[in-house]
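Structure, as structure tokens:
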Amino acid sequence: MLPPSGQDETDNRARPRHPAPGVSGRALLVLRLILLLGVLVLIAPPAALWRLLGFRRIWPRIFFLGFCAIIGLRPRVHGTPRGNALYLPNHVSWMDIPALLATTGSAFVAHDGLTGSRLFKFLADLNDTVFIARDRRATIGTQIAEVRHAVAGDGALTIFIEGTTSDGTRLLPFKSALLSALEPLPEGLTIQPVLLRYADGPGVAWVGDDPGTANFSRMLARWRPIRLDLHFLDPLTGDTLQNRKAMAAAARDAIAARMAAG
């Protein structure tokens with residue numbers, strides 16, 4: 001459900017310096033953690049039952065709508081999120097995931113090494129996370145079937161194709177290899193680039209060697225709302241769908257053009 005954003009390859013920027021939260025900020029952090037835990041306890045049992053009965057995922061989206069409201073994340077959608085789609089957004093923060101989940105209900109792609117955690121595997125399965133084994137081509141048929149399942153019934157799947165996070169002011173190279181397990185694409189799958197733009201990108205971004213727990217705590221201790229615009233751009237068409245390199249290049253060009261437009 002919530003694949004951790006790997007920072008194995010950073011954008012080569014040093015950890016930003018941020019003041020430690022004050023007393024009121026720490027109190028807000030504790031309050032928000034309590035509220036999040038309460039919502040999770042309420043949501044987890046019906047979510048697990050819903051999955052056992054074979055119904056489509058709705059509970060993760062409900063949870064993350066509450067999650068965004070509790071932490072002060074204010075996502076705003078521009079354009080039309082397509083169904084039966086693969087979203088290719090830029091990547092700025094761990095908050096990209098709850099924002100996309102709350103606004104679209106998207107599933108996500110994660111590396112299969114993350115299945116070692118039983119808790120994470122349980123949570124991820126609730127949202128039809130597709131675990132990609134990029135080093136085992138023999139599993140591609142199974143992975144394609146999982147992609148079809150994730151997007152069935154106008155669903156959506158998201159890959160952070162930069163492979164790591166930036167501060168939101170520029171794009172990193174798009175790694176076409178992250179699409180290799182999805183090639184050839186399932187018939188009828190729409191490829192849609194997405195620009196994620198935070199009002200305070202450098203202030204909220206998770207970059208460099210900034211520990212994930214420190215960034216998480218700082219965001220939850222923040223009194224000001226975190227405003228995020230999600231721009232769902234025109235889907236790729238024609239020659240841009242020929243292969244994974246063409247798709248990655250076209251998606252990056254579309255996002256860069258929208259970013260430059262302001």
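Step through the residues of the stretch 249-256 one at a time and calculate ³J(HN,Hα) from phi using the Karplus curve (6.51 cos²θ - 1.76 cosθ + 1.60, θ = phi - 60°), rounding each to whole Hz and writing x for Gly and Pro.
Result, rounded to whole Hz: 5, 5, 5, 5, 4, 5, 5, 4.
Can you pull the accessible area of R51 for me, 1.4 Å probe, Å² to the nearest 10?
Approximately 110 Å² for this residue.
Name the long-range amide H neighbours of G208: under 5 Å, sequence gap of 5 or more, or other chain; modelled H, no Pro or chain starts.
Distant-sequence amide H within range of G208: D11, N12, R13.
Show E162, E183 ordered by accessible area, largest first, where the area counts protein heavy atoms only and the probe is 1.4 Å. Please report the intermediate quantities before stating the final value.
Values: E162 0, E183 65 Å².
Solvent-accessible surface, decreasing: E183, E162.
From largest accessible area down, sort D200, D167; use a 1.4 Å probe on the protein chains.
Listed by decreasing accessible area, they come as D200, D167.
Which FRET efficiency value, to the nearest 0.05, do you get for R224 and H78 by plugging their Cβ-Cβ distance into 1/(1 + (r/R0)^6) with R0 = 22 Å?
It comes to 0.50.
Under the rule a/c < 1.5 gives rounded, and otherwise a/b versus b/c splits prolate from oblate, where does the stretch 153-255 land using the Cα gyration tensor?
The shape class here is prolate.
Which whole-Hz couplings ³J(HN,Hα) result when phi for each residue of the stretch 75-81 is put into the Karplus expression 6.51 cos²θ - 1.76 cosθ + 1.60, θ = phi - 60°, listed in order with x for Gly and Pro?
For the stretch 75-81, the Karplus-derived couplings read x, 10, 9, 10, x, 10, x Hz, x marking Gly and Pro.
Would you please give the residues with an amide H less than 5 Å from that of T190, counting only those at least 5 places away or on a separate chain, with H modeled from the backbone geometry?
Amide H to amide H, under 5 Å and 5 or more residues apart or across chains, T190 pairs with A85, L86.
With every protein chain present, what accessible area does S176 have (1.4 Å probe, heavy atoms only), rounded to the nearest 10 Å²?
For S176, solvent-accessible area is about 20 Å².
Report the label-to-label distance for D253 and L31 in nanometres (one decimal), using points 7 Å from each Cα along the Cα→Cβ vector.
Distance between label points: 5.0 nm.
Please give me the summed charge of the neighbours of I226: other residues whose Cβ is under 10 Å from its Cβ, Lys and Arg +1, Asp and Glu -1.
+3
State in Å² the accessible area per residue of the stretch 167-262; use a 1.4 Å probe, count heavy atoms of protein chains only, and round to the nearest integer.
Values: 4270 Å² over 96 residues.
Roughly 44 Å² per residue, with all protein chains present.
Starting from the amide H of S166, placed 1.01 Å from N in the peptide plane, find each other amide H under 5 Å away whose residue is 5 or more places distant or on another chain.
Amide H neighbours of S166: H91, V92.
Compute, for V30, the solvent-accessible surface of its heavy atoms (probe 1.4 Å) with the complete set of protein chains present, and express it in square angstrom to the nearest 10.
Rounded to the nearest 10, that gives 80 Å².
The values are calculated or read from the model by the stated rules, or taken from the named source; none is laboratory data. Small disclaimer: the values here were computed from a predicted structure and weren't measured. Positions of Cβ are generated from backbone atoms using ideal geometry, with glycine treated the same way; all protein chains shown enter the neighbour counts. Surface areas here come from the heavy atoms of the whole protein model, side chains and all, with no ligands, DNA or RNA. Shrake-Rupley method; radii C 1.70, N 1.55, O 1.52, S 1.80 Å.
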